Amino acid sequence: MFRLQGSKVLAVDMTGDAVKAKNGSMVAYDGQMTFKKLTGGGEGIRGMVTRRLTGEQMTVMEVKGHGTCWFADRASEINLVSLQGDKLYVESSNLLATDAGLRTGTTFTGLRGASQGNGLFTTTVEGHGQAAIMSDGPAVVLRVSAQYPLTVDPGAYVAHQGNLRQSFQSGVTFRTFLGEGGGEAFQIRFEGDGLVYVQPSERNTIAGDL
């Protein structure tokens, strides 16, 4: 029921089912719809508590009814991800919408969240269905394999899925200490087998100033 109209607008066709989307992202709808505001990073009390602990309130709305809704957010590029019982890890600011067949939650990610100033938790989406994720500029999907691990700038990271191990590398060098470092102070390393979504425009990160 998810389809793209252009690269920056998500159309969702509904026949009595529901979709969860970033609050304020709906730009138009036809038919009969009901709207409910949800607060929290995941299902139930635990998701809400973990978001409060990190100071990162994620506001989501549930749209239910018959007709078509169109969603967009600040002209961001939109990518559709189909999940078949697997799990998607995505920065909360990059998640636009999920269909009713998917569960959302939070997972502890440690230093990467702290280096970005976005809190210590990343949003998880799992189950069977479709999710729409956003990127600043067209996202690139990079394959990680056993032979080819991948190192990603934290400001360019959007999401990942598959059987991947995530670790953090310090990019601090003597050049960085001398004020000549041009890169981020931390990088994210992925090993295993899966996909990583990166955007061509970096978000501001605390790590880059260290």
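The values are calculated or read from the model by the stated rules, or taken from the named source; none is laboratory data. Computed from a predicted structure; not experimentally measured. Cβ: placed from backbone, ideal geometry, glycine included. Neighbour counts: every protein chain shown. To get the accessible areas, we keep the full protein, side chains included, count just its heavy atoms, and leave off ligands, DNA and RNA. Shrake-Rupley method; radii C 1.70, N 1.55, O 1.52, S 1.80 Å.
Counting only lysines at least 8 places from LYS8 when in the same chain, those with an alpha carbon closer than 19 Å to its own are LYS20, LYS22. Distance between the 7 Å Cα→Cβ label points at ARG74 and THR34: 3.2 nm. Per-residue surface analysis assigns LEU150 an accessible area of about 30 Å², computed on protein heavy atoms at 1.4 Å probe radius. Note on SER167: accessible area is roughly 40 Å² with a 1.4 Å probe, heavy atoms of protein only. Label reach from MET1 (point 7 Å along Cα→C-beta): in segment 91-105, amide nitrogens under 17 Å belong to 96-104.
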